[in-house]
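The values are calculated or read from the model by the stated rules, or taken from the named source; none is laboratory data. All figures in this text were calculated on a predicted structure; none of them were measured in a lab. Neighbour counts run over all protein chains shown; Cβ positions are idealised from the backbone, glycine included. Heavy atoms of the whole protein, side chains included, go into the accessibility calculation; ligands, DNA and RNA do not. Shrake-Rupley method; radii C 1.70, N 1.55, O 1.52, S 1.80 Å.
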Amino acid sequence: MKQLIIPSGKHVYCISDLHLGFPDEDTSRDRERVLAAWLADIQDEVSDLFLLGDLFDFWFEYKKVVPKGFIRFLGALAQLSDRGVRLHIFVGNHDLWMRDYFIQELRANIYFEPSDFEFQFSATSFKVCMGHGDGMGPGDMGYKLLKKVFVNPVAQFLFGWLHPDLGVRMAHAWSGTRKTSTIKAGEVPFDPDSDYILSAVRERFVIDQKENRGIKGYVFGHRHHPVALELGNGVSYYNLGDWFTPAFKNAYIVKIGEQGFDFVNFQA
């Protein structure tokens with residue numbers, strides 16, 4: 001469990017599923033401007049920013065090349081990092097192929113699996129489990145098999161030998177076939193009985209309670225459903241929704257401070 005001391009008056013912020021580059025450059029750039037403005041607004045009160053995966057609709061780091069675009073968002077992150085804000089980035093299923101670029105440029109911490117954190121405030125502390133959420137829980141065997149291919153070092157090596165223009169074009173073509181289903185995913189009503197991330201969280205919750213681990217919140221993304229659900233004993237499951245649903249309807253933030261957890265819409 002990673003322990004982080006939060007300075008007085010500061011907060012932890014968590015967002016997920018920005019999908020920059022989706023569904024087209026103009027729409028994405030408008031969303032990027034909004035994100036950059038929001039990051040500037042919180043810069044005086046954030047100590048740690050958690051980005052829980054799928055920052056980009058596609059991201060692959062070649063040895064000397066990264067995808068074009070996203071300059072406003074990356075610049076806003078760089079400004080936060082230069083001010084001493086700690087950046088924590090979880091890879092998602094759309095940006096599995098992060099390497100060391102954000103570590104070198106932004107001093108970011110990169111996570112490839114769900115991780116536990118303890119946020120120590122002046123008078124209290126909160127333990128939280130966070131992750132993107134892809135591949136968790138029962139079912140979804142097609143994606144789980146595909147992910148094994150995506151994270152295979154040999155497959156990544158071979159893809160890296162493709163010219164970036166060809167590799168990125170192929171990746172966007174694959175992503176393009178999923179655009180309709182991706183948009184609709186956040187419109188389907190949330191079903192707590194069938195949601196596979198929640199199923200995995202509930203199993204983990206039982207274990208954590210038996211072992212008295214003190215986890216107070218489970219925060220994930222991936223499903224595009226904004227959810228705040230009480231699990232019992234003052235512990236909650238949060239899903240952060242997404243930032244591409246029209247009018248930012250599904251764009252939710254978990255803000256953690258001395259008083260606990262706030263789950264709020266971006267525009268609230």
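Please count how many residues of the range 111-148 are touching a helix residue (DSSP H, G or I) at 6+ places or on another chain (Cβ under 8 Å), at pLDDT below 90 and either surrounded by 13 or more Cβ atoms within 10 Å (Cβ to Cβ) or hydrophobic (A, V, I, L, M, F, W, C) (or both).
Initial filter on the range 111-148 (touching a helix residue (DSSP H, G or I) at 6+ places or on another chain (Cβ under 8 Å)): 129, 133-140.
Among the residues that remain, those that are also at pLDDT below 90 are: 133-140.
Those still in the list that are either surrounded by 13 or more Cβ atoms within 10 Å (Cβ to Cβ) or hydrophobic (A, V, I, L, M, F, W, C) (or both) too: 133-137, 140.
Residues that pass the stated criteria total 6.
Can you find even one residue in the range 31-39 that is open to solvent by 50 Å² or more (accessible area, probe 1.4 Å) and either within 15 Å of GLU105 (Cβ to Cβ) or not in a strand (DSSP E or B) (or both)?
Yes, the range 31-39 contains at least one residue that is open to solvent by 50 Å² or more (accessible area, probe 1.4 Å) and either within 15 Å of GLU105 (Cβ to Cβ) or not in a strand (DSSP E or B) (or both).
Where in the range 219-258 are there strands (runs of 3 or more DSSP E), lying fully within it, with 3 or more residues that are over 19 Å from SER28 (Cα atoms), out of contact with any Leu (no Cβ under 8 Å at 6 or more places or on another chain) and open to solvent by 20 Å² or more (accessible area, probe 1.4 Å)?
On the way: elements: 226-232, 235-240, 252-257.
By residue number, 226-232.
Scan the range 49-60 and tell me whether some residue there is touching a residue at least 60 places away in the same chain (Cβ under 8 Å), open to solvent by 10 Å² or more (accessible area, probe 1.4 Å), under 29 Å from ASN233 (Cβ atoms) and assigned to a loop (DSSP other than H, G, I, E, B).
No, there is no match, as no residue in the range 49-60 is touching a residue at least 60 places away in the same chain (Cβ under 8 Å), open to solvent by 10 Å² or more (accessible area, probe 1.4 Å), under 29 Å from ASN233 (Cβ atoms) and assigned to a loop (DSSP other than H, G, I, E, B).
Can you tell me which residues in the range 98-109 are open to solvent by 30 Å² or more (accessible area, probe 1.4 Å) and either part of a strand (DSSP E or B) or touching a strand residue (DSSP E or B) at 6+ places or on another chain (Cβ under 9 Å) (or both)?
Scanning the range 98-109 gives ARG99, ASP100, ILE103, ARG107, ASN109.
Please indicate, with yes or no, whether at least one residue in the range 2-21 is part of a strand (DSSP E or B), open to solvent by 50 Å² or more (accessible area, probe 1.4 Å), in contact (Cβ under 8 Å) with a residue 24 or more places away in the chain and in contact with a Ser or Thr (Cβ under 7 Å, 6 or more places away or on another chain). Walk me through it before giving the result.
Applying the first criterion (part of a strand (DSSP E or B)) to the range 2-21 yields 2-5, 11-15, 20.
Filter again for open to solvent by 50 Å² or more (accessible area, probe 1.4 Å), leaving 2-3, 5.
Pick out the ones that are also in contact (Cβ under 8 Å) with a residue 24 or more places away in the chain and you get 2-3, 5.
So of that shortlist, the ones also in contact with a Ser or Thr (Cβ under 7 Å, 6 or more places away or on another chain) come out as 2.
Yes; the residues of the range 2-21 include at least one that is part of a strand (DSSP E or B), open to solvent by 50 Å² or more (accessible area, probe 1.4 Å), in contact (Cβ under 8 Å) with a residue 24 or more places away in the chain and in contact with a Ser or Thr (Cβ under 7 Å, 6 or more places away or on another chain).
State whether one or more residues within the range 65-81 are open to solvent by less than 70 Å² (accessible area, probe 1.4 Å), without any contact (Cβ under 8 Å) to a residue 12 or more places away in the chain and outside any helix (DSSP H, G or I).
no
Limited to the range 68-107, what total is found for residues that are over 23 Å from GLN3 (Cα atoms) and of a type in the set (S, T, N, Q)?
So the answer is 2.
Which condition from (1) modelled with pLDDT of 95 or more; (2) in contact with a Leu (Cβ under 9 Å, 6 or more places away or on another chain) is the one that LEU20 breaks?
Going through (1) modelled with pLDDT of 95 or more; (2) in contact with a Leu (Cβ under 9 Å, 6 or more places away or on another chain) one by one, LEU20 breaks only (1).
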